[in-house]
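Down below is the structure, laid out as structure tokens.
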Amino acid sequence: MMTVPDKHRPTTDLARSIRRHVIKMINRGSGAHVASCLSIADLMAVLYGKVMTYDATNPKWEERDRFILSKGHAGAIVYATLAECGFFPLERLDSHYMDGSEFSGHVSHKGIPGVELSTGSLGHGLSVGVGMALAAKKAKRSNRVFVILSDGECDEGSNWEAILFAAHHKLDNVVAIVDYNKLQSIGSIQETLALEPFADKWRAFGWHVEESDGHNHESLAKVLAAAPQIGGKPTVLLAHTTKGKGVSFMENNVKWHYYPPKGAEFEQALKELEG
Amino acid sequence: MKEAFINKLIQLAEADPKLLFLTGDLGYGMVEPFVARFPDQFMNVGVAEQNMLGLATGLAMEGHTVFAYSIGNFCTFRCLEQIRNDASYHDANVKIVSMGGGFSYGGLGITHHATEDLAVLRALPGLKVVAPSGNWEAAEATEAVAKTPGTIYLRLEKSIAPESQAPGEVFTLGKGRVIREGNDLAMLCAGGILGEAMKAADALAEQGVKTRVISLHTIKPIDTDIIVRAARETGGILTVEEHGIDGGLGSAVGEVLLDRGVHPKFFHRIALRAGFSSVVGSQAYLRAHYGLDAAAIKAVATDYLNRV
């Protein structure tokens, strides 16, 4: 069986819902990384609402597309997406970041249907995803492996080992997506460790490069649904995003890498995210 | 020891097409027969141990049993976080195999001395740690490791303790082996250095001292019963390992004894106490240099026995 739950639901509606969940979850648990979640909300909505093949009632279905959040600090939006797409009841989100919960700030798989890989230390997800992609090739399965990385995460050398490997072994079933919001933990990419010319670096490593507005659902769906576009080459999508997207005062402000919205800020954030 | 490993791995690969063997660009002179027979089950992933361990985890999650091979510190310390977060936390069927335990590559220098690996890997939850003493144990351990679910560290080395298994003996992960009986003292060993303990026991026997020599090939989970019996039934305990003094076999044995409230008449750890070694030498030379060889073990044993 193969389902994408509620194909008729507009991905913009899904994106709005998961953004609102994330604001509430991070407010309730006084968690962090709210802006990192908002940055990829549209990507998550397009992947789970339109692009990926999976069965929420059978999360380990062999033919499913795999998804790994390598930037594990945005765990809240993965949980929110999985709950909205039917992997587990929405009420479970209430325990996020609370004492005794399984829903840690950095994404964890234990006891949570649909999470493929626990992450949180940067530079791990792509190698594991590449391993899954290699296994799919060996088993002659046609599923794809989507891995979301942060731009700051690309500082980690381990990614470039995986990038070399995937191209060398022609793993065209790997789709890396970089949340390219140009901000890292305490400063900009440009002032911390510049990545440009970023697309050229991936190309030089043998990858097919796509670029898109990371918040334009139509464009994201077109690029991601078509992957792999070039046989024999892994694909990377450089998704140009805005950190904190959707909440005006969080956008492009590194403070919201860490702070949970409280009081009036919380109310204001939810208001801005009303349908 | 690596020949025993690869020969067993070839048998296992034949029986299980989902068994994969990855190497981080090491194993020249060892991997060839495997590659010749099972090219689709082998992959040289390049000099990239972090990726090797992540890759191994991804493959294991999809149903493969993955052996990941390199030299001592490279497939352990270099990618320790991948072992912890990716393989071990996910209970992945990843088998980390290092060649070069202790001073196997003594002449190559400090980068190639694997003298803290047991301590570090022993600390990771869920991970099993195995250090065979000879070719039989290495082959049997390879099979046991392949057939035991989860993430396991298998430490191979150059020195090989003499074969001494009983007819029909069955190797069991987590169960130590009494190699030689005796009640005057016990030597609890891990790895090929067991051969030095055997030589020391021979020399002690000439003086009428009967030594119980035990191979604790599995350092985690450790065989608590065999340790407790040795403490209760013999005149004292020596632990013997080619590894730093902190956190290895000796520490593990000491923890068992304290936890069980068992106090041997003496307890001494034969291990590397000098820290990093900048001295060049063969495995045998460095053992003698750092007081880990048969003569040093015998001297320590004699000293304790004379105090009683």
Distance in Å, no decimals, from the C-alpha centre of the range B:40-95 to the one of the range A:210-275 is 32
Can you run phi through the Karplus equation (6.51, -1.76, 1.60; θ = phi - 60°) for the range B:194-204 and list ³J(HN,Hα) in whole Hz, with x for Gly and Pro? 3, x, 5, 5, 4, 5, 4, 5, 4, 5, 5
Under the Karplus curve 6.51 cos²θ - 1.76 cosθ + 1.60, θ = phi - 60°, whole-Hz ³J(HN,Hα) for the range B:120-135, x wherever Gly or Pro sits: 5, 6, 4, 6, 7, x, x, 7, 9, 10, 10, 9, x, 9, x, 5
Given charges of +1 on the Cβ of Lys and Arg and -1 on the Cβ of Asp and Glu, with all other atoms neutral, how large is the dipole of the protein assembly as shown about its Cα centre, in debye to the nearest 20? 500
Residue-ordered couplings for the range B:184-193, obtained by feeding phi - 60° into the Karplus form 6.51 cos²θ - 1.76 cosθ + 1.60 and rounding to whole Hz (Gly and Pro as x), are 6, 7, 10, 10, 9, 10, 9, x, x, 5
Ranked by how many other beta carbons lie within 10 Å on average, peptides B:101-113, A:93-105, B:158-170 from highest: B:101-113, A:93-105, B:158-170
Residues other than A:F146 with Cβ under 9 Å of its Cβ, Lys/Arg counted +1 and Asp/Glu -1, net out at +1
Over chain A, relative contact order from alpha-carbon pairs under 8 Å, at least 6 apart, %: 23
Say the dipole of the protein assembly as shown comes from +1 at the beta carbon of Lys and Arg and -1 at that of Asp and Glu; which of B:P125, A:T81, B:T218 then lies farthest toward its positive end? B:T218
Quick calc: nm separation of the 7 Å Cα→Cβ label points for B:T111 and B:K210 -> 5.1
So who's got an amide H within less than 5 Å of the one on B:L20, skipping anything under 5 residues away but keeping other chains? H placed 1.01 Å off N, in plane. B:T65, B:V66, B:F67
If you find the alpha carbon centre of the range A:92-118 and of the range B:172-245, how far apart are they in angstrom? 45
If all Cα-Cα distances of the protein assembly as shown are sorted into 20 Å bins from 0 onward, what percent lands in each bin, rounded to whole numbers? 20, 44, 27, 8, 0
Antiparallel bridges, percent of DSSP beta bridges restricted to the range B:57-172 (to nearest 5): 5
Residue by residue through A:117-127, how many Cβ atoms from other chains fall within 10 Å of the Cβ on average? 5
Obtain the nm distance between the two label points defined at B:E255 and A:N253 by a simple spin-label model: each point lies 7 Å from its Cα along the Cα-to-C-beta direction. 4.8
The relative contact order of the range B:94-158, taking Cα pairs under 8 Å that sit 6 or more residues apart, comes to a percentage of 50
Taking every other residue with Cβ under 10 Å from the Cβ of A:E274 and scoring Lys and Arg +1, Asp and Glu -1, one gets +2
Share of pairwise Cα separations in chain B, more than 35 Å, in percent: 17
In the range A:100-186, with Lys and Arg counted as +1 and Asp and Glu as -1 at Cβ, which of these residues, A:A139, A:G105, A:T119, has the Cα nearest the positive end of the dipole, that is, farthest along it? A:A139
Show the residues, 5+ positions off or on another chain, whose built amide H is closer than 5 Å to the amide H of B:D223. B:G176
Could you work out [θ]222 nm for chain B from helices alone, using -39500 (n - 2.57) per DSSP H run of at least four and dividing by all its residues? Round to the nearest 500 deg cm²/dmol. -10500 deg cm²/dmol
Given the -39500 (n - 2.57) contribution per DSSP H run of 4+ residues, what per-residue ellipticity at 222 nm results for chain A, rounded to the nearest 500 deg cm²/dmol? -10500 deg cm²/dmol
Using a simple charge model, +1 on the beta-carbon of Lys and Arg, -1 on the beta-carbon of Asp and Glu, nothing else, what dipole does the range A:1-135 show about its Cα centre, in debye to the nearest 20? 280
A:R66 neighbourhood, Cβ < 10 Å, K/R = +1, D/E = -1, net charge -1
Long-range Cα-Cα pairs in the range A:36-78 (distance over 15 Å), rounded percent: 46
Taking only the alpha carbons of the range A:1-112, what extent do you get along each of the three principal axes, in Å, biggest first? 38, 28, 25
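Throughout, read-outs are computed from the coordinates displayed, never taken from laboratory work. No experiment lies behind these values; they were computed from the predicted model shown. Cβ atoms come from the backbone with ideal geometry, glycine included; neighbour counts cover every protein chain shown.
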